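Working notes, structure below.
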């Protein structure tokens, strides 16, 4: 065994530990449960005795089955203004300074001031991340955000958890949606009617809004819906482009004021008893706030504070006891009194469910908000409840209803917490569960022993009932508050200690890596300079410079977004430096030019890939460059060229293997690969429309060829392993046996990777081979005939750096990017029709990392084996290979450490869930794969080789 | 300020430069650049950010005669090569160098497209003027000198410094100038080739100072 192999294993261990610790602190890991609330679940709760008792009295909805709570409203109009800041709605007198964008939604302030009991402004507090998608999820599920939704189906962001819209659809409510198309992505099958408009064009302030306006007013006069959702995006977009303090923003707000005026007029005109909107609640709300620059996503007060305005068209008396009224009041510009309450977004789903009388979403941890709930109180038949409290009938009725709803609410939350901690891997700690369990038990006990009896025996006087109800409400509220607090601390707060520890271990591992390289280097007597001393060479400085610049580039979201271009830029820079030295030595100039040409091609391929990423992620054609040509000639070429490339590839492999080792097992390996290539060509021929070959495989099915290719690949791998374990190698020259092994390994993996990548596969493989060849050749530029001895012991880190940059470029060339929609899910279904987790995951990994990780790592020995030698003395090949692997590992680990550092810094950044976290996941997965492949490769290349063949030290 | 002959054998044939002459050349070019910007700003009321193509065009058109005429005076082999021949070489070097620069920029990621064409052309002509043209005027087709200056970076004469350092400065400056391009600040100057040009010009000015400093130090050492 070569010295230094242990380093790879130690590094892998360290990286895994560091990443595990960091991930525990960073990723908000809440598991989504597949459970759904159902109407009859509530019979298990201790709360629902009233059903039988009250039903005869309840005449307001004789035909409607009462579900979890008595319906308080019939119809609901939700108007969402994206990124509605709190100060857009609240009067400017509530703030220290009057800003130009305040007091633009005059109508809301006027309504809130004139009928204080039926119209109310809320300050709505959102949970970060404050991005629209996450917020809509939070609003409808009543839960806290998750990052990796384990139950999520491939690619589609549809919500699978129980949510408000699911409950609406299940309970026969017809939902109409208009505006932001995020809704239809999240809820593909829940809407009765939907009018989605694209939301991605931030520069477009009006399309979505005009679409909403066009549909909104006509629908207010129709009766074929129960819940209407209109999502306006103009304010969000105006903020992103022009900022909050801009003319466009004020225009938008004034436009919205007009829209609201029309909406309120339309609703009011039909709100007479018996009218269409007799029991309608209007909600105007934001999903999150925004900073003055128009950014959102983070957790600052400006971003999480949005507002909600609720308007009921009944004239309600104030029906809420002062104890539960959390509002603060003040005078507005016209010296009218305005009260503003506050609501957590978490509470939205459950409050709306309670108002509409549908089951609460299973995973909701919110509390029914008293003020918002009170606004629905107008639809209860107060005349019916002839209690003993004639002086305060409404208060009494409201309290009865509210305590009942809270009981159901608490029971539902407790049920969720119990089931969650039973089924989730990372649940709550035992003490926490015990604590909230105790609070619940206490409240529950009071309910069963005292309150329930009081409610049942209506003859009790007010004086006894009301204080009891109040105490009960307080206890339930305390329980719900402690659950929400616990959930927030577990699910939305980063654990900085764990993150710091992970990052620390990562940095320590880098230092150990570096020291190990130094030690192994000294063991073999390598040096970085051509003169053989232990100094620092220009090449080393340059490699470090490139590495550091790439690492630093991860600190900005823009550079992560353009990572492919940055890698290409750096690769081209190294190409120019190599060109310079090849001109200096007057040789291999053509290789340098070919390399630059190749980088240029890569660059254009990446650009095409990125533009496709921006416009849409649909894959019309497998090979991006040829999407441009649609003519039949192009189609023909597009069908034939990949096959030609495949033939060329097979020829190259054949030549490579015959040159290094013409006999033995290698021949069979290559034959197997050729067979695979023929099969792949057949596969494409069958799939193409040019030759009508579909009938050929009608009986066998189109899946058999890919599966055969996988099988051949596995067989070859097995053959190599057997050869490795049991058959003594012939003593060949070290570099030859190494390159034979590498070619064999490359060919074994290439067939599977190519079929997964589709028709771009052979081209990328050719690019990889040519690029790798150029890097190898250019490595020898400095080789002079004169000082052979020190050349043999010189270690240049630049080719390794180039190799790793090239691998990164290939990742982007193959049409991937660091986001979950950058995974090519289609590839995972090559050869499979139905979804099976394990093979699909393996195929997806191979497709994603095939050319950017697996093949470059397995091909690294080329860099060593094809290195020119001087006549004087041999070089310790295995020592060099071991060092090259270590340097490669160090380069990858450095960039991943930079990613981790950047994710730590930007954990509250706008893009953290959209960009940094996916990048983190991709990089971390890549690092662990890199480590394991380096370990496997070192086992494969280092063991059972005639030691004397490879270890010949000089002299 | 008459040119004195160098004493070295091989390089005896090139016209050498005194310190003050180098200062004049550097100052002329530096002030010329400043003049270009002030003309653009005060006469045409445009700047590099608003009209990159025009300003870059102005710079190379304005500086072209200055650079070629100045550098041609220091041509190698002045006996066999007339002043006007050197000027002609410089003029030929301008488009050739532009092609080289444009290809290099495209390899590094410069955008390609019809709307970028005038900008890229003007930018690469400007780059060519500062990198290739002086060398073309002075060295002509002497491959060993080109190789010595651009591949090995081994300037010997003051003229070598005047060619080598600014050329490298421009390229390195442009390379660094490309870094702000991907940032999402949405500033107009982030467009290709504006910030690259700013970087190149900054690098050029810095390296002009540096090359003069080197000449000064060398002269000083020689004097001792």
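Considered as a group, the residues in the range A:724-734 that are in contact with a helix residue (DSSP H, G or I) (Cβ under 9 Å, 6 or more places away or on another chain) and surrounded by fewer than 21 Cβ atoms within 10 Å (Cβ to Cβ) include one that is modelled with the highest pLDDT, and that residue is A:724.
Against the test of being more than 30 Å from residue A:575 (Cα to Cα) and either part of a helix (DSSP H, G or I) or touching a strand residue (DSSP E or B) at 6+ places or on another chain (Cβ under 9 Å) (or both), the options B:88, B:93 yield a single qualifying residue, B:88.
Residue-wise test of (1) in a loop (DSSP other than H, G, I, E, B); (2) in contact with a strand residue (DSSP E or B) (Cβ under 9 Å, 6 or more places away or on another chain).
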| position | (1), (2) |
| --- | --- |
| A:71 | yes, no |
| A:76 | no, yes |
| A:88 | no, yes |
| A:97 | yes, no |
| A:101 | yes, yes |
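Against the definition (within 14 Å of another protein chain (Cβ to nearest Cβ), buried (at least 21 other Cβ atoms within 10 Å of the Cβ), modelled with pLDDT of 85 or more and part of a helix (DSSP H, G or I)), how does residue A:502 come out, yes or no? Considered against the rule, which asks whether it is within 14 Å of another protein chain (Cβ to nearest Cβ), buried (at least 21 other Cβ atoms within 10 Å of the Cβ), modelled with pLDDT of 85 or more and part of a helix (DSSP H, G or I), residue A:502 comes out as no. Only a single criterion out of (1) more than 12 Å from chain B (Cβ to nearest Cβ); (2) without any contact (Cβ under 8 Å) to a residue 40 or more places away in the chain is not satisfied by residue A:596, namely (1). Is it fair to say residue A:191 is more than 24 Å from residue A:373 (Cβ to Cβ), touching a strand residue (DSSP E or B) at 6+ places or on another chain (Cβ under 7 Å) and assigned to a helix (DSSP H, G or I)? Considered against the rule, which asks whether it is more than 24 Å from residue A:373 (Cβ to Cβ), touching a strand residue (DSSP E or B) at 6+ places or on another chain (Cβ under 7 Å) and assigned to a helix (DSSP H, G or I), residue A:191 comes out as no. Once the range A:541-579 is narrowed to residues that are surrounded by 18 or more Cβ atoms within 10 Å (Cβ to Cβ) and more than 13 Å from chain B (Cβ to nearest Cβ), the residue that is farthest from residue A:797 (Cα to Cα) is A:551. Restricting attention to the range B:182-198, the residues that are within 14 Å of chain A (Cβ to nearest Cβ) and within 18 Å of residue B:50 (Cβ to Cβ) total 7. Are any of the residues in the range B:104-117 farther than 21 Å from residue B:198 by Cβ, in a helix (DSSP H, G or I) and more than 14 Å from every other protein chain (Cβ to nearest Cβ)? Looking through the range B:104-117, at least one residue is farther than 21 Å from residue B:198 by Cβ, in a helix (DSSP H, G or I) and more than 14 Å from every other protein chain (Cβ to nearest Cβ).
For residue A:790, the stated conditions do not hold, so it cannot be described as in a helix (DSSP H, G or I), in the same structural domain as residue A:806 (by TED's automatic domain parsing) and at pLDDT 80 or above. Residues satisfying the criterion are absent from the range B:159-172 (criterion: under 30 Å from residue A:554 (Cβ atoms), away from every other protein chain (no Cβ under 14 Å) and more than 17 Å from the chain's Cα centre (by Cα)). Taken over the range A:198-218, the criterion of being in a helix (DSSP H, G or I) and touching a strand residue (DSSP E or B) at 6+ places or on another chain (Cβ under 6 Å) is satisfied by A:207, A:208, A:209, A:211, A:212, A:215, A:216. Before we move on, is residue B:209 within 25 Å of residue A:583 (Cβ to Cβ) and in a helix (DSSP H, G or I)? So residue B:209 fails the test. Could you please let me know if residue A:583 is within 8 Å of chain B (Cβ to nearest Cβ) and either modelled with pLDDT of 85 or more or in a loop (DSSP other than H, G, I, E, B) (or both)? Yes: the conditions hold for residue A:583. Considering only residues that are surrounded by fewer than 22 Cβ atoms within 10 Å (Cβ to Cβ) and more than 12 Å from every other protein chain (Cβ to nearest Cβ), look in the range B:120-145 and name the one that is nearest to residue A:570 (Cα to Cα). Checked the range B:120-145; the qualifying residue nearest to residue A:570 (Cα to Cα) is B:121. Within the range A:56-76, identify whether any single residue is within 30 Å of residue A:488 (Cβ to Cβ), touching a helix residue (DSSP H, G or I) at 6+ places or on another chain (Cβ under 8 Å) and at pLDDT 85 or above, and answer yes or no. The answer is yes; a qualifying residue exists. Considering the conditions (1) closer than 29 Å to residue A:882 by Cα; (2) more than 9 Å from chain B (Cβ to nearest Cβ); (3) in a helix (DSSP H, G or I), residue A:605 is excluded by exactly one of them, (1). In the range B:90-98, the condition of being in contact with a helix residue (DSSP H, G or I) (Cβ under 7 Å, 6 or more places away or on another chain) and within 14 Å of chain A (Cβ to nearest Cβ) is met by no residue.
Residues are listed down the side, and each one gets a yes or a no for (1) at pLDDT 80 or above; (2) crowded, with 17+ Cβ neighbours inside 10 Å:
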{"position": "A:816", "(1), (2)": "yes, yes"}
{"position": "A:837", "(1), (2)": "no, no"}
{"position": "A:843", "(1), (2)": "yes, yes"}
{"position": "A:854", "(1), (2)": "yes, yes"}
{"position": "A:859", "(1), (2)": "yes, yes"}
{"position": "A:867", "(1), (2)": "no, yes"}
{"position": "A:875", "(1), (2)": "no, yes"}
{"position": "A:882", "(1), (2)": "yes, yes"}
{"position": "A:885", "(1), (2)": "yes, yes"}
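Let's see how each residue does on (1) touching a helix residue (DSSP H, G or I) at 6+ places or on another chain (Cβ under 6 Å); (2) closer than 21 Å to residue B:185 by Cβ; (3) not assigned by TED's automatic domain parsing to the domain that holds residue A:814:
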{"residue": "A:546", "(1), (2), (3)": "yes, no, no"}
{"residue": "A:549", "(1), (2), (3)": "no, yes, no"}
{"residue": "A:554", "(1), (2), (3)": "yes, yes, no"}
{"residue": "A:584", "(1), (2), (3)": "yes, no, no"}
{"residue": "A:590", "(1), (2), (3)": "no, no, no"}
{"residue": "A:606", "(1), (2), (3)": "yes, no, no"}
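The values are calculated or read from the model by the stated rules, or taken from the named source; none is laboratory data. On a predicted model such as this, the values are computed, not experimentally measured, just so you know. In this analysis, Cβ positions are derived from the backbone assuming ideal geometry, glycine residues included, and neighbour counts consider all displayed protein chains.
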